[in-house]
Amino acid sequence: MTSPGCCSCEGWGRYTFPNSHYYEGEFFNNQFHGKGTMVFPETGRFEGWWEKGCCVKGTYMFGDGLKNDDQQWGYCTESDRRLLSEIKEGLKPAGVHGVDGRAAAHEGANV
């Protein structure tokens, strides 16, 4: 499939945008309609339900696996302030900071 406007697109298919993002799912009357996924390579994906070309509900999954669920958002809340890497891999020992796990240099800083 090259474009929803070029032919009669119905059923399951894939539409790739010029920026390499793509929708894969159901089409009806040349529009995204039904269950489908909008994929943003290397940054995430949105899985949801579409009606007449518009998304009506769904869930976004970030590239690192963090799921954004607007009904049950459990990340970085008042009761649990951990980063996703800390949730997945546990807390690092004192003195180990940052995403790469290296100790931060605090030369001349009063910490």
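Derivation of every value follows stated rules applied to the coordinates shown; laboratory data play no part. Keep in mind that what you see is a predicted model, and the values were worked out from it rather than measured. Don't worry about glycine lacking a Cβ; one is built from the backbone with ideal geometry, like all the others, and counts go over all protein chains shown.
Observations
- Amide hydrogen proximity for F27: with H placed 1.01 Å from N in the peptide plane, the residues at 5 or more positions away or on another chain lying under 5 Å are G11, W12, G13, H33.
- For T43 and S8, a Förster radius of 30 Å and the Cβ-Cβ distance give a FRET efficiency of 0.40, rounded to the nearest 0.05.
- Between Y22 and T77, the simple spin-label model (points 7 angstrom out along Cα→Cβ) gives 3.6 nm.
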